[in-house]
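Peer 1: For reference, the structure I am asking about is given below.
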Amino acid sequence: PAFRRFQRGYYRVYLPALAADWLQGPYLYKLYQHYRFLEGQIAILYVCGFASSVLFGLVSSSLVDRLGRKKSCVLFSLTYSICCLVKLSRDYLVLAVGRVLGGLSTALLFSAFEAWYVHEHVERYDFPTEWIAVTFSRAAFWNNVIAVGAGATADFFAEWLGLGPVAPFMVSIPLLVLSGVFAVKNWDENYGKKRAFSKTCGDGLKCLLSDRRVLLLGTIQALFESVIYIFIFLWTPVLDPHGAPLGIVFSGFMAASMLGSSLYRLALSKRYHLQPV
């Protein structure tokens, strides 16, 4: 029962944050198009977001450990809320700043929350280590469900209610505030080991270059992710002229992703024994 309560406390903060993130997926390109920006200008805005995510991703673990995991989660809520608010502006530079803030927020989303959970699970509550996988597996399942629902919700506010492509970004803000409030009220602070940033990067680079498998895995994933990012950029301008409901299409993509994860788990089950080589 204590573990279940602890799990629910984590999900109350983490799942609204994920929902807010997914809500912004279907209508980002459409919003910039609505503001009359050219395809090249929109591409630069996308690159600002991706580059920001890469740069902040390098320092996010050190930042989170020094600042504190709980404070980092609250910082995520704040920066992502500002990122959503600036979508109301038609100024190109303001939107570029918003993309940079979005990159920072993404880096925090995929580092601070899990780091907080692992520390609390092991250090404060001393639950069995193998239970961590249970929590993250359930979080992954709900992440997929939320992603599917987010597409339909975005479509409802943008198209059905006629509020336009900026509406899903505004709907994200209450969820981000909810996540931050729950973190402030219910979570205790914890910190990581303070290590020099240069040493952290040096250790990572040494691991990458000394183990051929790690280098190959990183290369394969980078190539795959590059295809995904090209797809993310192009799917809206390809489908939108045909009147496709973007939110529903996005839900379809996420449902297909969920199906892929389910098939992978089924393939590795005792029934089929299909092991990856």
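Peer 1: Quick check on this structure: which one of 272, 264 is in a helix (DSSP H, G or I), hydroxyl-bearing (Ser, Thr, Tyr), on the phi < 0 side of the Ramachandran plot and open to solvent by 90 Å² or more (accessible area, probe 1.4 Å)?
Peer 2: Working: 272 fails: in a helix (DSSP H, G or I).
That would be 264, the only listed residue that is in a helix (DSSP H, G or I), hydroxyl-bearing (Ser, Thr, Tyr), on the phi < 0 side of the Ramachandran plot and open to solvent by 90 Å² or more (accessible area, probe 1.4 Å).
Peer 1: Which one of these does residue 19 not meet: (1) closer than 25 Å to residue 239 by Cα; (2) under 15 Å from the mean Cα position of the chain (by Cα); (3) at pLDDT 95 or above; (4) surrounded by fewer than 22 Cβ atoms within 10 Å (Cβ to Cβ)?
Peer 2: (4)
Peer 1: So, one more: Is it true that residue 214 is assigned to a helix (DSSP H, G or I) and in contact with a Cys (Cβ under 8 Å, 6 or more places away or on another chain)? Break it down into steps so the answer makes sense when it comes.
Peer 2: Numbers: assigned to a helix (DSSP H, G or I): yes; in contact with a Cys (Cβ under 8 Å, 6 or more places away or on another chain): yes.
Yes; evaluated as a whole, the condition is true for this residue.
Peer 1: Kindly indicate which of 78, 63 is within 18 Å of the chain's Cα centre (by Cα), farther than 30 Å from residue 129 by Cβ and aliphatic (A, V, I, L, M).
Peer 2: Details: 63 fails: farther than 30 Å from residue 129 by Cβ.
One residue alone meets the criteria, 78.
Peer 1: Test residue 257 against the stated conditions and say whether it is touching a Pro at 6+ places or on another chain (Cβ under 8 Å) and either in contact (Cβ under 8 Å) with a residue 60 or more places away in the chain or aromatic (Phe, Trp, Tyr) (or both). Walk me through how you get there before you give the answer.
Peer 2: Details: touching a Pro at 6+ places or on another chain (Cβ under 8 Å): no; either in contact (Cβ under 8 Å) with a residue 60 or more places away in the chain or aromatic (Phe, Trp, Tyr) (or both): yes.
Spelling it out, it is not the case that residue 257 is touching a Pro at 6+ places or on another chain (Cβ under 8 Å) and either in contact (Cβ under 8 Å) with a residue 60 or more places away in the chain or aromatic (Phe, Trp, Tyr) (or both).
Peer 1: Across region 68-111, which residue is least open to solvent (accessible area, probe 1.4 Å) among those that are in a loop (DSSP other than H, G, I, E, B), more than 19 Å from residue 170 (Cα to Cα) and not polar (S, T, N, Q)?
Peer 2: First pass over region 68-111, keeping only residues in a loop (DSSP other than H, G, I, E, B): 68, 89-91, 110-111.
Retained after the next criterion (residues that are more than 19 Å from residue 170 (Cα to Cα)): 68, 110-111.
Subset that is not polar (S, T, N, Q): 68, 110.
Numbers: 68: 0, 110: 123 Å².
In this case the residue turns out to be 68.
Peer 1: Going through region 113-130 one residue at a time, which ones are outside any helix (DSSP H, G or I), free of Cβ contacts under 8 Å to residues at least 12 places away in the same chain and open to solvent by less than 60 Å² (accessible area, probe 1.4 Å)? First the steps, then the outcome.
Peer 2: To start, the set of residues in region 113-130 that are outside any helix (DSSP H, G or I) comprises 125-130.
With free of Cβ contacts under 8 Å to residues at least 12 places away in the same chain added as a condition, the list becomes 126, 128-130.
Across region 113-130, the qualifying residue is only 128.
Peer 1: For residue 191, indicate whether it is under 30 Å from residue 81 (Cα atoms), touching an Asp or Glu at 6+ places or on another chain (Cβ under 8 Å), open to solvent by 80 Å² or more (accessible area, probe 1.4 Å) and at pLDDT below 95. Working first, answer last.
Peer 2: Working: under 30 Å from residue 81 (Cα atoms): yes; touching an Asp or Glu at 6+ places or on another chain (Cβ under 8 Å): yes; open to solvent by 80 Å² or more (accessible area, probe 1.4 Å): yes; at pLDDT below 95: yes.
Answer is yes for this residue.
Peer 1: Let me ask something else about it. Could you tell me whether residue 11 is among the aromatic types (Phe, Trp, Tyr), open to solvent by less than 50 Å² (accessible area, probe 1.4 Å), touching a helix residue (DSSP H, G or I) at 6+ places or on another chain (Cβ under 6 Å) and within 20 Å of residue 153 (Cβ to Cβ)? First the steps, then the outcome.
Peer 2: Working: among the aromatic types (Phe, Trp, Tyr): yes; open to solvent by less than 50 Å² (accessible area, probe 1.4 Å): yes; touching a helix residue (DSSP H, G or I) at 6+ places or on another chain (Cβ under 6 Å): no; within 20 Å of residue 153 (Cβ to Cβ): yes.
No.
Peer 1: Considering only region 152-175, how many residues are free of Cβ contacts under 8 Å to residues at least 60 places away in the same chain, within 16 Å of residue 30 (Cα to Cα) and assigned to a loop (DSSP other than H, G, I, E, B)?
Peer 2: The total comes to 2.
Peer 1: Only one residue in 147, 133 is of a type outside the set (Phe, Trp, Tyr), part of a helix (DSSP H, G or I) and touching a residue at least 24 places away in the same chain (Cβ under 8 Å), so which one is that?
Peer 2: Details: 133 fails: touching a residue at least 24 places away in the same chain (Cβ under 8 Å).
When all the criteria are applied, what remains is 147.
Conditions (1) within 23 Å of residue 111 (Cβ to Cβ); (2) surrounded by 10 or more Cβ atoms within 10 Å (Cβ to Cβ), marked per residue:
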residue	(1), (2)
187	yes, yes
206	yes, yes
212	no, no
219	yes, yes
230	no, yes
233	no, yes
242	no, no
248	no, yes
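Peer 1: Another question, then. Output the number of residues of region 22-42 satisfying the condition of being surrounded by 20 or more Cβ atoms within 10 Å (Cβ to Cβ) and farther than 21 Å from residue 84 by Cβ.
Peer 2: 0
The values are calculated or read from the model by the stated rules, or taken from the named source; none is laboratory data. None of these values were measured; they are calculated from a predicted model. Cβ atoms come from the backbone with ideal geometry, glycine included; neighbour counts cover every protein chain shown. Each accessible area value is taken on the protein alone, full model and side chains, heavy atoms only, with ligands, DNA and RNA left out. Shrake-Rupley method; radii C 1.70, N 1.55, O 1.52, S 1.80 Å.
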